[in-house]
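The values are calculated or read from the model by the stated rules, or taken from the named source; none is laboratory data. Only a predicted model underlies this, so the values are computations on that prediction, with no experimental measurement involved. For neighbour counting, all protein chains shown are included, and Cβ atoms are generated from backbone atoms with ideal geometry for every residue, glycine included. Accessible surface is based on the protein model in full, side chains and every heavy atom, while ligands, DNA and RNA are left aside. Shrake-Rupley method; radii C 1.70, N 1.55, O 1.52, S 1.80 Å.
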Amino acid sequence: MAFILAVAGCQAGDSGTGGSRQGFRPRDAVVDFGRVLEGAQARRAVTVLATGRAGLTVVASVDAPFAVVTSEVSVSGGGATEVEVVFTAGHGLSEGTLLLSGAGLTESVRLTGLGIRPMPCPGRPCFDSRFDVASGTCVETSLEEGAACTPESRCQVDGRCQASVCVGHPRTCDDNNPCTVDACSPTRGCVTSRVACPAPENPCKVGLCDLEEGCTAVDADDFSPCGPADCQTARLCFSGACREVTPPEGFVCAPATACQGEGTCQGGVCQRPGPVELAPELSLELEGVPVEADGGTVLLVLEDSLYTSVCGGDAGCQLVAYTRSGLLRYATPYPEGGARTLLAASDAGVVVHAPEGLEAYAPRGSGARLWHASWASLGVGEPPSPGRPPASHVALTQEEDVLAYVAWRAAPDAGGAEDGGTAPESARLILLSGREDAGTLLGVSQVEAWRGEARLGLDALGTAWLYTTDGRLARVDLDISALSKVSPMEPDEGGGTALKLSALVDGGVPGGGASLAIAGGRLLVGARAVVPVDGGVPVMLSDGDGGAGARAPIAEPALLPSTGQPGYLFTRTCARTDGIPCTAREARVVLRAVNPESGHVVWEVDALPDEVAPGTVYEAALLQGGLVGVLADAELPEGRQSWIQFFVRGTRAGSCPLPGRPHVAGAAFLGQHLYVVLNRDGEWRLESYGLGQDFKAEERGWPQRHGGTARTRSESP
């Protein structure tokens, strides 16, 4: 008997103290933390049960993303205790194992938890929106009637909720200064710009706005150029009069540029150091090959962001956004991988032309698609016309709605034998909401026969204008009373169309190209005529060649300063008078300044970098100080080379070569920089170049070929 008792006292789990046993087990083999918001924490208690009559200490351990609050717990004999475990959720499923050790035993508990990444919930006024983890959706709750709210438009203040709609009072932006133009932008609030006084006929006078007298003419600074200037003779201003003088030694005859120091008169000759190749301030490899198509653009610049549409690589086609310093904001793949053409950008979205309709993507954040409007929903025949984009051009209104002139070809078997079985092409104007209920059709015009390539534009007051190359120039009238009655397929049903066209010029402007620039109360139409927006008599532009040689205006770029004068156009010229067409090397491209009041040529200058080699003008913009910046190239024997050039009063003030032999796809002047999408040595890149401290792109008027840098096609007042 003594032997049996001695053996029993040494059994496992026996403390050796009075015959009491030690042991434990977890109550549950698996503990599930459930759905937890990414970045949040959830806690669960794991119950430990004592299986013996003696108490013991249990040590708990676990790996991330799980953690124990206390690593040691005590459990009394026959009792229970809890080990608290914390789960820090990531994105997706997480699994782990809780190890429990004590009294020579080890037990394990399987841990699971699902991290849920929240979707962005709309922040609509008069609604409280939150992400519900359990359902994985956003849940909106209306605020109480009369609750304070912030109106979506910055042109309203002191908002209050009325029937779940934030209603505010109009913001007052008038600063009581007659020398400023005050307006309100729904996205920016009050905006103010200086009154652009008209330029006096006397080149030694400048327009100045006086608080008491309004716009007056005052003397220009002495020594200001008032005509051609070289180191032999220079026309300069003195006390408001233009005089011809002999420039002294050291007279600055050419300004310094980013690649070349200023020129000074030395011995009657303008001496300046030779230009050096510009070094890019930004140069980064694109995520693919840029999408190039008629009616669109390769590069959009919106405030601090750059956008381009590319295809290639594993990601297929995508919208790519960078900061102006070159950091990647996002690269968003397009649905179904199809290519998109950039059209315009604003704070409401980046508008693109897609194979199946128009779309917009978020300008910031993840670049998610905001809306899609199919061609069918817009009353557009399908498929679109081969070789021509259905959306000829778009313009963004002050409310950031999308106005587009859309063309299409109906079903191939809808026509007669005389046209090969193909129906005539058709076109119509459409207006889409850009913000509230974005992508919703607000209005359409009647369907009309296709009248040729078209251009849209808006003036500083928000009035839209349409020009088609068959000569029509018309104002777009919006019939507010018909908006809610518009049927996209039957625009005349129930009250007529919402968008109507009112002809501005009897007989139109025939023979013009696809070009429309708007500034200073004038429309520069088709590179052929200047038309006052009030319906005044059109001024036809003269060739200015005295009958010698041929002139063919280039549709774009076309530039107009905020004063509306002079206008700037590019023209192909040919000196031959024998009727034989010019060869590529005989044809030239000139930059021409025209007087919008008389139509006469003020001056013209060769716009290509090389005097002999043919080339191409890619982009042009107004620069402050009356200069014009031009990006062009020349086909040299050693290869194509591009230059940034600066022109003023009929002279080339500077020329800076870009490095290497790049092929340019698109460009935009902005501030003191030129941004370029180009192919260098077989690699597509985005680069930026400084223009120099004395050169800055003009922000007012019609400074780019497509309007603003974001291609909104609207005048900047």
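Of the residues making up the stretch 367-397, those that are modelled with pLDDT of 90 or more and more than 18 Å from residue 430 (Cβ to Cβ) number 3.
Checked against the criterion of being surrounded by 24 or more Cβ atoms within 10 Å (Cβ to Cβ) and closer than 25 Å to residue 323 by Cα, the candidates 630, 664 yield just one match: 630.
Report, ordered by the first and then the second residue, all pairs with beta carbons closer than 6 Å, sequence separation of six or more or different chains, a first member in the stretch 533-555 that is basic (Lys, Arg), and a second member that is open to solvent by 50 Å² or more (accessible area, probe 1.4 Å) and modelled with pLDDT under 80. Hits for this filter: 551/543.
State all residues of the stretch 286-297 that are over 20 Å from residue 707 (Cα atoms) and either part of a loop (DSSP other than H, G, I, E, B) or among the aromatic types (Phe, Trp, Tyr) (or both); if no residue qualifies, say none.
Taking the stretch 286-297 first, the residues over 20 Å from residue 707 (Cα atoms) are 286-291.
Result: 286, 287, 288, 291.
Considered as a group, the residues in the stretch 651-664 that are of a type in the set (A, V, I, L, M, F, W, C) and part of a strand (DSSP E or B) include one that is modelled with the lowest pLDDT, and that residue is 653. Picking from residues in the stretch 585-610 that are basic (Lys, Arg) and within 34 Å of the chain's Cα centre (by Cα), the one that is farthest from residue 198 (Cα to Cα) is 588.
Total residues in the stretch 327-355 satisfying the condition of being more than 19 Å from residue 398 (Cα to Cα) and assigned to a strand (DSSP E or B): the figure is 10.
No other residue among 173, 197, 138 is assigned to a loop (DSSP other than H, G, I, E, B), of a type outside the set (Asp, Glu) and at pLDDT 85 or above apart from 173.
When the residues of the stretch 304-333 are filtered to those that are of a type in the set (Ser, Thr, Tyr) and in contact (Cβ under 8 Å) with a residue 24 or more places away in the chain, the one that is surrounded by the most Cβ atoms within 10 Å (Cβ to Cβ) is 309. Taking first residues from the stretch 336-348 that are modelled with pLDDT of 90 or more and partners that are of a type in the set (D, E, K, R) and not in a loop (DSSP other than H, G, I, E, B), the Cβ contacts under 9 Å between residues at least 6 apart in sequence or on separate chains come to 340/359. For the criterion of being open to solvent by 40 Å² or more (accessible area, probe 1.4 Å), at pLDDT 90 or above and closer than 22 Å to residue 399 by Cβ, residue 475 passes.
Restricting to the stretch 88-138, count the residues that are surrounded by fewer than 13 Cβ atoms within 10 Å (Cβ to Cβ) and among the aliphatic types (A, V, I, L, M). Count: 3. Quick check: is even one residue across the stretch 635-650 touching an Asp or Glu at 6+ places or on another chain (Cβ under 9 Å), touching a residue at least 40 places away in the same chain (Cβ under 8 Å) and not in a loop (DSSP other than H, G, I, E, B)? No, the conditions are met nowhere in the stretch 635-650. Number of residues in the stretch 444-476 that are over 22 Å from the mean Cα position of the chain (by Cα) and on the phi > 0 side of the Ramachandran plot: the value is 2. If I ask for residues that are closer than 21 Å to residue 201 by Cβ, open to solvent by less than 40 Å² (accessible area, probe 1.4 Å) and free of Cβ contacts under 8 Å to residues at least 40 places away in the same chain, which ones from the stretch 218-237 would you list? Within the stretch 218-237, 220, 224, 226, 234, 236, 237 meet the criteria.
So for the stretch 547-569 (the condition being assigned to a strand (DSSP E or B), at pLDDT below 80 and closer than 22 Å to residue 616 by Cβ), does at least one residue qualify? Before the answer, list the steps.
Going through the stretch 547-569, the residues assigned to a strand (DSSP E or B) turn out to be 550-560, 567-569.
Among the residues that remain, those that are also at pLDDT below 80 are: 550-551.
Still in the list and also closer than 22 Å to residue 616 by Cβ: 550-551.
Yes: the stretch 547-569 contains one or more residues that are assigned to a strand (DSSP E or B), at pLDDT below 80 and closer than 22 Å to residue 616 by Cβ.
Under the condition of being modelled with pLDDT of 85 or more and either touching a helix residue (DSSP H, G or I) at 6+ places or on another chain (Cβ under 9 Å) or open to solvent by less than 30 Å² (accessible area, probe 1.4 Å) (or both), the residues counted in the stretch 684-708 number 12.
So which of 655, 716 ends up being polar (S, T, N, Q), under 30 Å from residue 402 (Cβ atoms) and in contact with a strand residue (DSSP E or B) (Cβ under 8 Å, 6 or more places away or on another chain)?
On the way: 655 fails: under 30 Å from residue 402 (Cβ atoms).
Sole residue among the options that is polar (S, T, N, Q), under 30 Å from residue 402 (Cβ atoms) and in contact with a strand residue (DSSP E or B) (Cβ under 8 Å, 6 or more places away or on another chain): 716.
Scanning the stretch 298-318 for residues that are within 14 Å of residue 686 (Cβ to Cβ) and either acidic (Asp, Glu) or assigned to a strand (DSSP E or B) (or both) yields 300, 301, 305, 306, 307, 308, 309, 310.
Kindly indicate whether residue 283 is part of a strand (DSSP E or B), modelled with pLDDT of 85 or more, hydroxyl-bearing (Ser, Thr, Tyr) and within 41 Å of the chain's Cα centre (by Cα). Considered against the rule, which asks whether it is part of a strand (DSSP E or B), modelled with pLDDT of 85 or more, hydroxyl-bearing (Ser, Thr, Tyr) and within 41 Å of the chain's Cα centre (by Cα), residue 283 comes out as yes. Within the stretch 144-160, restricting attention to residues that are part of a loop (DSSP other than H, G, I, E, B), small (Gly, Ala, Ser) and over 17 Å from residue 434 (Cβ atoms), the residue that is most open to solvent (accessible area, probe 1.4 Å) is 146.
Summed over the stretch 180-217, residues that are more than 30 Å from residue 401 (Cα to Cα), open to solvent by less than 30 Å² (accessible area, probe 1.4 Å) and without any contact (Cβ under 8 Å) to a residue 40 or more places away in the chain total 3.
Among the residues of the stretch 19-57, those identified as over 29 Å from residue 104 (Cβ atoms), in a strand (DSSP E or B) and open to solvent by less than 70 Å² (accessible area, probe 1.4 Å) are 33, 34, 36, 37, 42.
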